[in-house]
Amino acid sequence: MRWARTALFALAAAAALGALDLPGGGASLPVRALAQQDWRKEFDDVCSKTQDAMALSLEELRSLLARCDKLKPVIEKLEESQRKVFTRRLQACRDLYQFVLETREKP
Amino acid sequence: MSRVVALLLSALALTSTAHAQQAGKKRRPLPPEFGRVVMDNHSSQAKLPPVVFDHWLHRAKFTCRLCHVDVGFAMKPGGTDVKAADNMAGYYCGACHNGKLLVDGRKVFESCARTTGEPRPTCLRCHSQGKEVKPQVDFASFTRNLPKGRFGNGVDWEKAEETGLVKPADFLEGISIKRKSISAQKDFALGAKLQGMPDIIFSHQKHTVWNGCELCHPEIFVGVKKGATKYSMVEIFEGKYCGVCHVNVAFPLIDCQRCHTKPVQ
């Protein structure tokens, strides 16, 4: 009985943390997934539009900026080498989107 | 008596001015030295000679954007905190210098993995300041057939790229992001401040081929609205704006006609 209660508690905790892909337990999944290897996929996707930044709509630019801001704390938790490189890269791509947004918003 | 003292004092003042001028005069680098960067963030502490990095060979093989955006090297000297551990983890120099990457059919030598003890011979390939190190690629042989430039490395890199004599790579597997090719931005003219001096025709196309967008904006060029930023040659010579690249690496500022190209009316 005690064993079953412990197991149930462990399962509930794991689901809450998003470690298990249980139906209904998905609220924390994106955050957790981002915190692992998917940060790179997200980084590549967010920063792949710099070449075309001038052609993006203001909404798209704002959305990219929000994604950059969401990714920053995840990158800050990486090991030193990765953190140094990707913090700079993310900053450069964020700065460009911000710059294009401001340039286009100003009359 | 006072006349003699005054004479001596003026002679002394003249001599010290002449010395100061001589000390302040910078020797123009020789073609192979142009674009050379010495990096000593941690080398001396690790009892290794500082790294001597030559832009000419790297720029012939890779775009500026690849190294300064994708690999993450800062544009300011000493601005990148490169450690041996970073290289060994496959970042910075180690992104290419990993003993695996093939460039022109040759494996790029591995970066220095020394942490303690005597430096291995491979370390001295780059940690070479003050050492007699024979480079793997000789400048004179490499540049012999490239179009000539008047200053800098003595090479017209732009023409070399246009004619296909150099093909700088813009993508590094595992590092770069696959993206669409850049949308063309308009060229524009910048008025010269001196009468009779041709205006500058700034070619976005030429610059974006090697630099992309985020290398220049907004870190180097903040204002893009016409007339928002007042550029001056003094600031540019001090290493601001165009001077970030065109003082030490890209064709130098003394090559006036490369930028001041608009015919005077």
Conditions (1) among the aliphatic types (A, V, I, L, M); (2) more than 14 Å from chain A (Cβ to nearest Cβ); (3) in a loop (DSSP other than H, G, I, E, B): number failed by residue B:175:
(2)
Can you tell me which residue within the range B:80-107, out of those that are touching a strand residue (DSSP E or B) at 6+ places or on another chain (Cβ under 9 Å) and crowded, with 19+ Cβ neighbours inside 10 Å, is farthest from the other protein chains (Cβ to nearest Cβ)?
B:96
When the range B:202-222 is checked residue by residue, the ones that are surrounded by fewer than 19 Cβ atoms within 10 Å (Cβ to Cβ) and in contact with a Leu (Cβ under 8 Å, 6 or more places away or on another chain) are B:202, B:218
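Scanning for something within 30 Å of residue A:92 (Cα to Cα) and either in contact with a Gly (Cβ under 6 Å, 6 or more places away or on another chain) or away from every other protein chain (no Cβ under 14 Å) (or both), does the range B:129-151 turn up at least one residue?
So in the range B:129-151, the residues within 30 Å of residue A:92 (Cα to Cα) come out as none.
No, the conditions are met nowhere in the range B:129-151.
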Condition broken by residue B:208, with the remaining ones in (1) modelled with pLDDT under 95; (2) part of a loop (DSSP other than H, G, I, E, B); (3) within 22 Å of the chain's Cα centre (by Cα) satisfied:
(2)
What about residue B:166, is it under 21 Å from the mean Cα position of the chain (by Cα), part of a loop (DSSP other than H, G, I, E, B) and surrounded by 15 or more Cβ atoms within 10 Å (Cβ to Cβ)?
yes
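Working only within the range B:217-230, note down all residues that are aliphatic (A, V, I, L, M) and free of Cβ contacts under 8 Å to residues at least 12 places away in the same chain.
The initial filter retains those residues of the range B:217-230 that are aliphatic (A, V, I, L, M), namely B:220, B:222, B:224, B:228.
Those that are aliphatic (A, V, I, L, M) and free of Cβ contacts under 8 Å to residues at least 12 places away in the same chain: B:222, B:224, B:228.
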Of the conditions (1) out of contact with any His (no Cβ under 7 Å at 6 or more places or on another chain); (2) surrounded by 16 or more Cβ atoms within 10 Å (Cβ to Cβ); (3) more than 14 Å from every other protein chain (Cβ to nearest Cβ), residue B:249 clears all except one; give me its number.
(1)
Quick check on the range B:116-128. Is at least one of its residues loosely packed, with under 15 Cβ neighbours inside 10 Å and of a type in the set (Asp, Glu)?
yes
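Which one is nearest to the chain's Cα centre (by Cα) among residues in the range B:169-203 that are among the small types (Gly, Ala, Ser) and closer than 16 Å to residue B:64 by Cβ?
Looking only at the range B:169-203, we keep the residues that are among the small types (Gly, Ala, Ser), and these are B:169, B:174, B:176, B:181, B:183-184, B:189, B:191-192, B:196, B:203.
Cutting the leftovers down to closer than 16 Å to residue B:64 by Cβ gives us B:169, B:176, B:203.
Values: B:169: 17, B:176: 21, B:203: 19 Å.
The selected residue is B:169.
In the range B:57-77, which residues are away from chain A (no Cβ under 14 Å) and either within 16 Å of residue B:125 (Cα to Cα) or at pLDDT below 95 (or both)? First the steps, then the outcome.
Within the range B:57-77, the first condition is being away from chain A (no Cβ under 14 Å), and the residues that meet it are B:57-62, B:77.
Those that are away from chain A (no Cβ under 14 Å) and either within 16 Å of residue B:125 (Cα to Cα) or at pLDDT below 95 (or both): B:57, B:58, B:77.
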Residues located in the range B:80-102, provided they are in a loop (DSSP other than H, G, I, E, B) and farther than 19 Å from residue B:59 by Cα
B:81, B:82, B:83, B:89, B:90, B:99, B:100
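Would you point out which residue out of A:57, A:63, A:81 is at the interface with chain B (Cβ under 7 Å from one of its Cβ atoms) and farther than 19 Å from residue B:218 by Cβ? If you could, list the steps in order and put the result at the bottom.
Details: A:57 fails: at the interface with chain B (Cβ under 7 Å from one of its Cβ atoms); A:63 fails: at the interface with chain B (Cβ under 7 Å from one of its Cβ atoms).
It is A:81.
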Subset of the range B:231-257 (residues that are closer than 15 Å to residue B:188 by Cα and without any contact (Cβ under 8 Å) to a residue 24 or more places away in the chain)
B:242
If the Cβ limit is 7 Å and pairs must be 6+ apart or interchain, which residue in the range B:37-57 that is part of a loop (DSSP other than H, G, I, E, B) pairs with which residue that is among the β-branched types (Val, Ile, Thr)?
B:41/B:82; B:43/B:51; B:50/B:38
Any idea which of A:104, A:94 is touching a residue at least 40 places away in the same chain (Cβ under 8 Å) and more than 8 Å from chain B (Cβ to nearest Cβ)?
A:104
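The values are calculated or read from the model by the stated rules, or taken from the named source; none is laboratory data. What you are looking at is a predicted structure, and each value in this text was computed from that prediction instead of being measured. Cβ sites come from the backbone with ideal geometry, for glycine too, and all protein chains shown count toward neighbours.
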